[in-house]
1. Where in the range 283-317 is the amide nitrogen less than 20 Å from a point lying 7 Å along the Cα-to-Cβ axis of residue 114?
2. Mind putting a number on the dipole of the range 94-134 about its Cα centre? Charges go on the C-beta only, +1 for Lys and Arg and -1 for Asp and Glu, and I need it in Debye to the nearest 20.
3. Take the range 247-341, drop everything but the C-alpha atoms, weight them equally and run the Debye formula without solvent; then report log10 I(q)/I(0) at 0.10, 0.14, 0.15 Å⁻¹ to two decimals.
4. What Kirkwood hydrodynamic radius do you get for the range 49-185 when you take the inverse of the mean 1/r over all pairs of distinct Cα atoms, in Å?
5. What residues have an amide H closer than 5 Å to that of residue 339, excluding those fewer than 5 places away on the same chain, when H is modeled at 1.01 Å from N in the peptide plane?
6. Which distance in nm do the two modelled labels at residue 139 and residue 87 give, with both placed 7 Å along the Cα-to-Cβ direction?
7. How much length would be gained if the chain were fully extended between residue 146 and residue 187, taking 0.36 nm per residue of separation minus their Cα-Cα distance, in nm to one decimal?
8. Give me the accessible area of residue 141, 1.4 Å probe, in Å² rounded to the nearest 10.
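The values are calculated or read from the model by the stated rules, or taken from the named source; none is laboratory data. No experiment lies behind these values; they were computed from the predicted model shown. All Cβ positions, even for glycine, are placed from backbone atoms using ideal geometry, and neighbour counts span all protein chains on display. SASA here: full protein model, heavy atoms, side chains in, ligands and nucleic acids out. Shrake-Rupley method; radii C 1.70, N 1.55, O 1.52, S 1.80 Å.
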Amino acid sequence: MTELPDLVTGALAAGTLSALVLGAGLLRSRRQRALQREEIAELRDRLDGVQAALAAEVEHLAMQRVPAAARQLTHTRVAVPGPAQPQFIGSPLGIALENVLSALRSELTAQRTRVDAAAQAGMRGATREIQAALYRLQDALRTLQQRYDDPELTQTLFMLDHENEQSLRRAQVAAVVCGAWVGLAREESHLVEAVTGGQARLAGYHRVGVHNHLEAGTALVSHAVEPVAVIVAELLDNALRHSAPDTDVVVNLEHVHHGACVTVDDAGLGMTQDERDHARRMVAGSDPILLTDLGDPPRMGFAAIGRLTRQFDLGVDVSSPSPYGGVRAVLRIDSHLLSRIDPERQPPAASAPRSTRRAAAPAHSYGSERDVRAGAEVSGHQAVPDAGGLPRRRRRTPGGAPAAPEAPLPARCPEQAAAALGALQSGTAAARAASDGAGVAVGERPLEPVEPEAVVAHDIGRLDRNDYEGGAAR
């Protein structure tokens with residue numbers, strides 16, 4: 001038998017061993033719990049850091065990236081910043097934020113287009129009403145011009161008529177930018193008349209010198225007359241506005257391989273590269289036109305040109321500098337938009353510059369003598385026509401041989417033309433008074449001549465209105 005003390009000793013040893021094992025297990029569990037607590041604390045710290053970084057990134061998105069993306073729609077050079085935290089670049093969170101910006105751009109573009117279309121529709125309706133009112137005013141002014149002979153009143157009516165013409169041009173340009181039709185189709189007209197018609201719509205028309213190097217009879221098809229007049233008016237307006245008031249704007253009409261070109265040169269400051277790129281995009285007409293992109297106040301000239309070039313297959317280039325230091329604008333008219341009018345049966349207006357080309361026609365043909373003088377005097381550049389502006393014919397002897405050429409008549413200055421018009425009005429008034437039995441009282445103040453500038457403006461303006469008025473209201 002085993003003795004009792006041995007049993008007790010074995011039990012005590014086993015208990016001690018168990019206690020030691022249990023104590024070791026407790027120590028390991030405590031260490032593990034401590035490590036777990038440290039890991040949890042570290043994870044919590046990392047989570048707090050991620051939350052802070054995410055909050056900062058979202059705030060950066062709202063305060064910096066979203067406004068920049070919205071501005072970029074109207075100002076393409078605005079740069080949209082990337083994520084504020086480098087660790088988000090290329091991560092799922094960074095990709096998700098980029099998708100947010102893409103969706104924002106798409107929605108903003110759609111809303112801008114919708115709002116702008118509504119604004120353009122409203123402006124089209126307003127411009128139609130304005131054009132109708134201006135046409136009624138124009139008719140009233142013409143009636144007064146035909147009714148009264150007082151030179152001072154006539155001069156005032158001429159000035160009002162010209163101001164009304166400028167208002168009509170602005171209304172028409174706004175209507176074209178907003179998608180309205182340019183106007184009614186006109187009859188085939190001489191190209192030089194379309195150019196002078198556009199010139200007549202401007203306040204500084206007297207600063208424009210037109211040199212006609214086209215073959216006599218070069219004309220535009222009917223549906224191209226009004227678009228060409230509008231484009232020329234806007235190109236001239238841009239040249240006049242951006243050049244000094246004591247400088248001239250030079251216009252040359254020339255034949256090219258596939259049609260004709262109207263070149264406008266000014267002596268202004270020119271354009272920066274950004275302005276040149278913007279103007280090139282606008283006149284190309286390839287991008288959609290939004291009123292919000294035209295500035296405040298809106299600059300609609302190039303936008304209207306872009307509309308017309310796309311609709312009527314015309315070409316405008318403003319990328320070249322002018323030899324005078326400003327901008328050169330070139331309107332290209334392809335041959336399918338050109339026609340020919342017999343200058344003998346339907347000559348251009350008297351005030352239109354005659355062609356510098358030597359006419360291969362009889363001596364009495366349109367522009368023959370004036371062409372010879374122009375080639376001898378200015379070597380290919382047309383001088384300013386005299387106030388009369390009518391082609392002169394040579395007398396022929398009964399035998400068929402031409403008589404000796406007449407001495408060239410001295411050119412009349414605008415003051416002489418105005419004095420002649422004043423004398424004609426005075427004579428008309430006197431004849432009417434005599435026919436009524438009233439007579440002219442002795443000592444009555446003689447009628448004063450009309451200012452030359454008003455006479456010339458009215459002369460050109462009447463040609464323009466008779467041939468190139470546009471608008472649905474007409």
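1. Answer for this model: 288-293.
2. Value, rounded to 20: 140 debye.
3. -0.30, -0.57, -0.65
4. Averaging 1/r across every pair of different Cα atoms and inverting gives 19.9 Å.
5. Close amide H contacts, sequence-distant or interchain: 219, 220, 221.
6. The two pseudo-label positions are separated by 7.8 nm.
7. Additional length available on full extension: 12.2 nm.
8. Approximately 10 Å² of residue 141 is accessible to the 1.4 Å probe.
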